[in-house]
Structure formats: C-alpha cells, structure tokens
Amino acid sequence: MGRRTGPVLRSPVISRSYSPLLLFVPFTAIIEVMTQLDVLYRYGVLPTESATLAMAKIREVYGVRRMDLDETKKTVRVEYDATRLTEPVIHELLRCAGLDIVERMPMFVTPPPPEPVAAK
C-alpha cells in the first residue's frame, strides 16, 4: 500500500471551525498576546512528597508558565497567563495539590514615605 499524498480530508465539524486562510498563515502569526502575572503565596507546612509530585503536574496546566518554591521563606511563586487562568484558579490548583496555603503575599512592598525634615 502506497503513501497517500495530496490534501488531507477533514471532518465537516473541524472544517467549519477553522478558516481555510489560516492554513497558509505562518504559525508565529497565530499566537495571541499573553498577559503574564505572578502570584506569591506563603505556606505553612512543607509539602509532602506526594504534594510535591502533584505540584510538578501543575506546571503542565496550559497557562502556568513557571513555579518557584522557596523553602527558606516558605513561599511559592507562580507565573501564569492571565488570559487563560485567574488567581483563584491558581490558588485552587495549589490547594488541591496538597499545599498548605496560609496567605497570599504581596509581590512588592512599597517603601514608607520619607519623614519630613524639620525646619530650623
């Protein structure tokens, strides 16, 4: 049996959802703009081995870009695509993985305003 060459037959359901013009557009032109956000959580108890393995699977979720676990500060920072996910979804993913989340931390702390200089 020989190899089939020529156009690929598509089912009518798939063909209706895609424009035939997109078949000739380079792939880089189809990528949409992503809104990247970071969220920082403080956790209480160090994650167990099973929780760590479950957290590794969170990285496979479409929209999660990066996850950093800092054991000394007991924080986890997740970088995600806000066009795909929201902060409550990230919180729920970590909680379901078994991470003991205590609070959401601010990413940056604003410095206090300078004290006024007393006039002499």
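The values are calculated or read from the model by the stated rules, or taken from the named source; none is laboratory data. Since this is a predicted model, take the numbers as computed values, not measurements. Cβ placement follows ideal geometry from the backbone for every residue including glycine, while neighbour counts extend to all protein chains displayed.
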### Task
Determine which member of the set Arg10, Arg16 is outside any strand (DSSP E or B), modelled with pLDDT under 90 and surrounded by 10 or more Cβ atoms within 10 Å (Cβ to Cβ).
Arg10
### Summary
Condition set in contact (Cβ under 8 Å) with a residue 24 or more places away in the chain and surrounded by fewer than 12 Cβ atoms within 10 Å (Cβ to Cβ), scope region 103-120, selection nearest to Tyr41 (Cα to Cα): answer is Glu103
### Summary
Turns out the strands (runs of 3 or more DSSP E) fully within region 31-90 with at least 1 residues that are exposed (fewer than 14 other Cβ atoms within 10 Å of the Cβ) and more than 10 Å from the chain's Cα centre (by Cα) are 64-70
#### Entry: Selection within region 80-115 - touching a helix residue (DSSP H, G or I) at 6+ places or on another chain (Cβ under 8 Å) and within 15 Å of Ile58 (Cβ to Cβ)
Tyr80, Leu93, Leu94, Cys96, Ala97, Gly98, Leu99, Ile101
### Message
Kindly evaluate Leu85 against the criterion of being closer than 18 Å to Thr48 by Cα and free of Cβ contacts under 8 Å to residues at least 60 places away in the same chain.
### Response
no
